[in-house]
Each structure stands twice: as C-alpha cells, then as structure tokens.
C-alpha cells in the first residue's frame, strides 16, 4: 500500500506513483483530479472540490481545506439541512485536519448533550406477547393466530432511551472509533459515550438514516445530532450521475458549504428589511418554451405598490479554487441571464476572498450591472456575519434606490406576473 497522499485545497498537483487499478478507482470516485504524469506509473493528483480524508481503492487521501478548520465548522452550521449550532462556537481544539477536528467537536457536543442525562422518549412497539398491553392489532391477530387467544398481537408506546436521537449518536460514535487519525483523548471520550448509550440499538447497515425532528425536548441534542449526520453521511457520497461511491472517511464539498452559508446567512440578514427570499428558486426559465431551467441561489421578492410580488434582487454564490483561462466570464453570462429573465438591473456574485476581487461590470446596451463581492472566510464568526449583514444592506439599498427592475423587461412567460410559490431548494447546481 502506498503512503498516504496529502493534498491542499487549491494547491498545484502532486506526482504520485499509483498502479493502474488505484488510478482507475480514484478517477471513478472523482474525489480528486487524476492525470497521467511524465512517465508510466506516475500520476498527477490534485483536489477536486472536496476536503476531508478517505480511503478509496486502497489509497489514503487527505485533503486539507484552505479555510481554517474552526471557520469551516462554523460554515457547516449554515448548511440548509443543518440548523443546529449557530448559537454556539463549535470547537475544533488544536486539530488542523478535518476528520480529527470533527471527531473532537462531536465528542464535546455529545458530552454536553448527555450531561443532563440520556434523552428518553416514546417509541411505538409492535410485538407478540402473552399479556394484553396497549392496543390489539386485530388484523394481525386473525392472520397469524387463526382465532387463538394467545399470544396476543399488540401495539403500544414505550418510554425508552432507544429512540432515533440516541441511535444517531451511537452510530456516529461507533463509526468515528473505527477511523484512523484520532488522538487518545478523543478516543477516550468516544468510548465513554458508548457506555453512556447502553440500551440503545444500533442502526441497520445499508438502510437510510432515520429522520429526527427538532423540538423543545431535544434542543440540547441539536448540535451533536447535526454533527452525527455529517459523520454518518461521510460513508458515501453521490456523483452527478447518481452513482453512489462508498468512502471510508469523510469528504465534504466546499462549494456546497460556501453556497449554503452565503444564501442562508444572507436571507436571514435581509429578513429585517421585509420581503422574502427564495433559495434555489426553481420557477424561472431562460426561454418561453420553459425548456431551459434557471436555478439562481437566492432571489429576493418584494410586493410593489400595485400589490404584486416581483423579484427585487438576485444573488449567486461562487466558490472557486481555479477559474480557468476565461476567468469568471461564465459566471457573468449566467448572472446576465438571471437578470434578463427576472427583469432586474443589478445582479450580485459572491465569492470567497481570494477567488475574486470586488468589481462592478456594466453590460453594454443592456442597462444591467453585475457586482462581484468577496467574503473573507478567515474572519472570526461575528465579523464574518457582520460583513454578510453589510452586503445585505448594500443590496437592499441598491434595490430601493433604483427600483430594482429594468425598463426593458420582457414577459418571461405566462406565469411571469403571478405570485411565486414557496421556496424550492435543490442540491444540484444550475
């Protein structure tokens, strides 16, 4: 087995000796970019938008994010399916790698969650018993027992620790203990969690993760549960063609983390100004035949003086390590299409600082301006959120000053003046 391959997000490729089978496995997984090297058996490897650590085809890959680990954990708190830890700082300890840092953060969060005792709840149980308990399952009694009085097929609610929340914590704890690279203190904390969760049943391998519902009763579990979901979903990830690749480790898509942070945080920052924000708004199309769908990351709607709700601003988040020979031209063309269809004079592209610098593009003969903004992800969380609030205020003020809509706006279709439906969110990129 070759030595572990350590990559840095956005760094130049490394030359690594691989067998043809190992190179094929890495190419199929698409977790990294693989290209032939200067001689047979030598390959050039670089990141492909993922960060984390995994073993694929017998090759250990570790991809260090360019964003500091503690900042990355903060950004993860704004993922659209993750609403658990924004009110607190998720610690990374002194760990510089994602997997040990995530394990440390999970252990700390789970210890706090269980500090007040293991959460209990009601779970519906169906079983055969010699004693009548709960409700009789009449159809099952007739089908299985043919009129015999015993045993009895019953259904009842049991107050127990064996509930979905504890099962997720147990599964994440057991998985982390099987992964390499964790320090002794973190492993000790995880083993202590296993002991605390005695009486909780394990999840069935290969089955979808059970869904838990946030409530007042499980509030203290929220952070640990969201981290547990990240750990458990790191076992595999889905490629663009729908194929699922099993990964022994944890890989995260940085562009999705950044997009989720920008759109969710910006929508929350705009809320005090009125209107509403749709994330991944799916109702718009480039053509009248509605054959070319558009998926802007965020569209802000306001109600005009005539009582009709219309788009007031459009934002797209772009996390790019390499822009290619054409720079950001593709992003500008995409935003121009958004503004044209939505009838807006201004569009906004938001990059991570370093991927693009702030700039204002004025489109010839279109009356449309496209602004590039840059967010510094290395800022402390409070300062980063303050910069998002400043961006939100600038977008709203620009909309108020110009009226938002272009005078050259054309009808984008038969539904262009109707009120948009509720937000439709999608994990795919336009």
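The values are calculated or read from the model by the stated rules, or taken from the named source; none is laboratory data. None of these values were measured; they are calculated from a predicted model. As a convention, Cβ positions derive from the backbone with ideal geometry for all residues, glycine included, and neighbour counts pool all protein chains shown.
Tabulated results
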| item | result |
| --- | --- |
| Hey, residue 209 under 16 Å from the mean Cα position of the chain (by Cα), at pLDDT below 90 and assigned to a helix (DSSP H, G or I) or not | no |
| The one condition in (1) more than 25 Å from residue 256 (Cα to Cα); (2) not in a strand (DSSP E or B) that residue 16 fails to fulfil | (2) |
| Selection status of residue 331, more than 27 Å from residue 310 (Cβ to Cβ) and under 25 Å from the mean Cα position of the chain (by Cα) | no |
| When residues of segment 295-305 are limited to those that are outside any loop (DSSP other than H, G, I, E, B) and crowded, with 23+ Cβ neighbours inside 10 Å, the one farthest from the chain's Cα centre (by Cα) | 300 |
| Among (1) part of a helix (DSSP H, G or I); (2) out of contact with any helix residue (DSSP H, G or I) (no Cβ under 6 Å at 6 or more places or on another chain); (3) within 30 Å of residue 98 (Cα to Cα), the one test that residue 193 misses | (2) |
| Residues located in segment 19-48, provided they are on the phi > 0 side of the Ramachandran plot and touching a strand residue (DSSP E or B) at 6+ places or on another chain (Cβ under 6 Å) | 41 |
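For (1) at pLDDT below 90; (2) surrounded by fewer than 20 Cβ atoms within 10 Å (Cβ to Cβ), each residue gets a yes or a no:
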| site | (1), (2) |
| --- | --- |
| 205 | yes, yes |
| 239 | yes, yes |
| 256 | yes, yes |
| 259 | no, no |
| 263 | no, no |
| 277 | no, no |
| 286 | no, yes |
| 290 | no, yes |
| 293 | no, yes |
